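Student: Have a look at this one.
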Amino acid sequence: MASLIDVAPPEGHSPAQGFEVEYLTCNMADVVFTSGRFADQTFARAAEPSQGAPVDIWWLFRVRSGEARFETAERRLHAGPGAMFLISLDDDFRGSITNYDGLVLALPRRSFADVADQLNDACNILLSGNLIELLADYLDRLETRIILMSRRS
């Protein structure tokens with residue numbers, strides 16, 4: 001992930017101690033699905049991501065437990081269990097997670113070009129409503145199916 005974001009332990013935690021991360025990633029053509037548990041950590045957009053190439057990806061987060069905090073030039077976001085939100089890796093950001101368990105869906109801009117303006121408008125805010133709840137249910141079920149498929153392989 002170093003090509004996209006700089007990750008470090010939280011303040012007061014020695015880097016020599018490290019931190020635990022347990023995750024599953026599934027590349028589904030253009031969309032990448034990741035789920036797992038991440039110990040406390042801080043992160044920020046890498047100063048020069050991917051050798052200076054633009055990072056045209058949104059990350060859609062679904063928080064099951066723990067907390068996530070993100071900050072951009074315009075907005076601050078504090079998400080707890082049940083929250084869903086979208087961030088753009090093309091924008092400068094920094095944040096932290098605490099005992100995070102959840103899902104992240106990487107959405108490349110080229111695959112969602114027709115709705116890019118709407119996705120940009122939805123960045124860095126907590127998403128809510130019936131359609132978001134339906135999406136959350138779908139993502140949870142997708143994770144279950146991916147895990148079951150990986151055990152058969």
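Student: What does the accessible area per residue of segment 27-138 come to in Å², with a 1.4 Å probe and no ligands, DNA or RNA counted?
Tutor: Values: 6020 Å² over 112 residues.
With the other protein chains kept in place, segment 27-138 gives 54 Å² per residue.
Student: Rounded to the nearest 20 Debye, what is the dipole magnitude of segment 50-153 about its Cα centre when Lys and Arg each give +1 and Asp and Glu each give -1 at the C-beta?
Tutor: Values: 12 positive and 15 negative charges, 104 e Å.
My answer is approximately 500 debye.
Student: Using the Karplus curve 6.51 cos²θ - 1.76 cosθ + 1.60 with θ = phi - 60°, work out ³J(HN,Hα) for each residue of segment 108-125 in order, rounded to whole Hz, and write x for Gly and Pro.
Tutor: x, 4, 4, 7, 10, 4, 5, 10, 4, 4, 5, 5, 4, 5, 8, 5, 6, 9
Student: Additional query: Can you give me the Rg/Rh ratio for segment 21-131, using Cα atoms for both radii and the Kirkwood formula for Rh? Write out the running numbers ahead of the final one.
Tutor: On the way: Rg = 13.5 Å, Rh = 14.5 Å.
Here the Rg-to-Rh quotient is 0.94.
Student: So, one more: Amide H of residue 93 versus every other amide H placed in the peptide plane: which residues, excluding those fewer than 5 positions away on the same chain, fall under 5 Å?
Tutor: Residues meeting the amide H criterion: 45.
Student: I've got another one for you. Under the rule of at least 5 residues apart or a separate chain, name every residue whose amide H is placed under 5 Å from the amide H of residue 83.
Tutor: When sequence neighbours closer than 5 places are left aside, the close amide H contacts are 63.
The values are calculated or read from the model by the stated rules, or taken from the named source; none is laboratory data. Keep in mind that what you see is a predicted model, and the values were worked out from it rather than measured. Using ideal geometry, Cβ is built from the backbone for each residue, glycine included, and neighbour counts are taken over all protein chains shown. All accessible areas refer to the heavy atoms of the entire protein, side chains included, with ligands and DNA or RNA removed. Shrake-Rupley method; radii C 1.70, N 1.55, O 1.52, S 1.80 Å.
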